[in-house]
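First comes the structure, then the notes that go with it.
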Amino acid sequence: MNRDAILVGGALLVWVAFVTFWFSNIVELTSLGVVTGFLLTTVTVVLHYSEGTGWEPTEDISQDVLEKRAETLPETDFPEPMNRSIGGGGAPAAVGAGGAEAELADSEEEEETEGFDPAAIEDPETYEIEFPKKGETIEVAEDENLLKAGEDEGWDLPYACREGQCLSCSGHIADGDAHEYIKHSNNDTLNDDEMDKGYCLTCTAYPTQSFTLETDESP
């Protein structure tokens with residue numbers, strides 16, 4: 001209920017009371033009730049028709065502040081809106097769209113990093129591996145690493161850790177991308193680019209097809 005309704009209601013109530021009392025010969029036209037009713041009516045009319053100054057909402061500057069804040073933040077390689085927690089404009093759906101692909105890529109990378117268990121291979125196949133520096137080609141089973149196969153031939157091949165954690169035993173596959181010819185049971189040293197160029201760790205590299213191996217070669 002607004003103030004006009006209250007004032008009008010009060011004025012009407014006073015006038016009704018005054019008329020009632022007047023007809024009952026309780027009050028006269030010069031009584032305080034007449035004056036009071038007249039004042040209330042006058043005040044009500046004045047307030048009702050007064051326009052006042054009005055109220056206007058203050059300007060919202062929050063968006064301008066966010067945009068200026070965003071301009072001061074450096075650009076990064078992270079997808080929006082991760083790189084700008086304040087004022088970032090990237091759509092969350094755009095990030096989510098590549099979520100499945102990113103998860104799959106992470107899974108494949110983790111599998112490559114962790115390697116595999118050669119002992120779990122059933123009925124291993126045998127491949128012909130050429131060692132040009134030794135002038136010989138030998139047969140190596142897919143559950144036998146290249147370093148051990150060479151040592152079984154009596155060759156003195158370079159090595160250190162035997163765990164895929166250094167480059168002492170590294171060799172180069174002359175036929176191409178190492179991913180296509182061997183699998184590492186563990187590889188903490190070579191990156192994908194180096195393996196793409198044919199480099200492998202002979203102490204943890206197991207053949208998946210025949211190829212030519214140059215020993216004692218590092219990226």
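Here, each number is a calculation from the coordinates, and none is a lab measurement. A quick note: this is a predicted structure, and the numbers were derived from the prediction, not measured. Cβ sites come from the backbone with ideal geometry, for glycine too, and all protein chains shown count toward neighbours.
Data for the structure
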{"item": "Charge tally in the Cβ shell below 13 Å around residue 145, where Lys, Arg are +1 and Asp, Glu are -1, residue 145 excluded", "result": "-4"}
{"item": "Inter-label distance, nm, simple model (7 Å from Cα along the C-beta direction), residue 13/residue 117", "result": "9.0 nm"}
{"item": "Least to most buried among 183, 148 (fewest other Cβ within 10 Å first)", "result": "148, 183"}
{"item": "Net lengthening on full extension, residue 68/residue 209 (0.36 nm per residue, minus Cα-Cα)", "result": "44.9 nm"}
